[in-house]
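A.B. asks: Questions regarding the structure given below will be posed in turn.
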Amino acid sequence: MHPFDQKIAPPSSWLTLIGSELVEVPEGLSREVEQLRKALRKGLLGRYEELETLLEELLPRVWELRIRALPLLAQTDLAEALKKVEVEFSLMPQRFPALAEAAIKLLFGLHLMTGFVEKLLATNPEITTKLPQRLSADKMPTLEEIKGLALSKSGNEVLAYNLIQGSLLMDLLFFAMDLAADEHLPLDVGICYELEYQSAIAVKTYAAAFGMDKTQMPWYVPPQNTLEKILLEGPVVSEADVEYVHEKRAHLNTWK
């Protein structure tokens, strides 16, 4: 079975659905989710420089949780559940104002996710009942195996990996931000900025699977001048660009 078949792993927000208590979760799975919550809590209260590494380390665990949660799909209307999550998460700016910008970015990603799932279910209405059966008969690849296959190929494999990677990171960030709001965690401003940055990365990665680039993100602001364009869109590729940056840096102290 091809690991990038969309019928195997539709990129829905499994972790978000589990966290929202929209489905009854088995005890073993609940314990693993609690362990994930514990790791996230520690990261959110730690140094912002270490949060990105923690998120990357947790993604394989989120992938495994997602696979284990797939049989729960038969218990819920997935499209409606995602819409409910979207509505509830739209309150994040009021619940935790410091995370408003991160929430706005994730909401755009969730909107894309909901639209994708609706189309997927429209063309494959039996997916939520047949998917668990298929998984019981086939071994799902690990996230590392999927990454290795995507990097060795191109085209649909890369797009599928973007879909999986982006949705996993979005799941983790939704979960982390819900945790912060529910427990009123005293987040450092650096952590808030890092969550916003990671939210932008997650959504852009996910959106890339649909052929969207950064200019189509709601928060995109075109560079205002040549220097901004070089610094924001690097790496610098021409000698003229290099000289231009060096010149501006040389004058920087005179502007202070």
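The values are calculated or read from the model by the stated rules, or taken from the named source; none is laboratory data. These numbers were taken from a predicted model, which means no experiment stands behind them. Every residue, glycine among them, receives a Cβ derived from its backbone with ideal geometry; neighbour counts consider all protein chains shown.
A.B. asks: Yes or no: Glu239 among the acidic types (Asp, Glu), surrounded by 10 or more Cβ atoms within 10 Å (Cβ to Cβ), outside the structural domain of Lys42 (by TED's automatic domain parsing) and at pLDDT below 85?
C.D. replies: Judged against the criteria, Glu239 is not a match.
A.B. asks: Just one of Leu120, Leu112 is of a type in the set (A, V, I, L, M), at pLDDT 85 or above, within 25 Å of Asp213 (Cα to Cα) and surrounded by 17 or more Cβ atoms within 10 Å (Cβ to Cβ); which is it?
C.D. replies: Exactly one of Leu120, Leu112 is of a type in the set (A, V, I, L, M), at pLDDT 85 or above, within 25 Å of Asp213 (Cα to Cα) and surrounded by 17 or more Cβ atoms within 10 Å (Cβ to Cβ), namely Leu112.
A.B. asks: A further question on this structure: Can you tell me which residue in segment 39-64 is nearest to the chain's Cα centre (by Cα), limited to those that are basic (Lys, Arg) and modelled with pLDDT of 95 or more?
C.D. replies: The selected residue is Arg41.
A.B. asks: Restricting to segment 65-98, and then to whatever is under 16 Å from Ala180 (Cβ atoms) and surrounded by 17 or more Cβ atoms within 10 Å (Cβ to Cβ), can you tell me which residue is modelled with the lowest pLDDT?
C.D. replies: Phe89
For every residue, the table says whether it meets (1) among the acidic types (Asp, Glu); (2) at pLDDT 90 or above; (3) surrounded by 15 or more Cβ atoms within 10 Å (Cβ to Cβ).
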site: Ala176; (1), (2), (3): no, yes, yes
site: Leu187; (1), (2), (3): no, yes, yes
site: Tyr206; (1), (2), (3): no, yes, yes
site: Gln216; (1), (2), (3): no, yes, no
site: Thr226; (1), (2), (3): no, no, no
site: Gly234; (1), (2), (3): no, no, no
site: Glu243; (1), (2), (3): yes, no, no
site: Lys256; (1), (2), (3): no, no, no
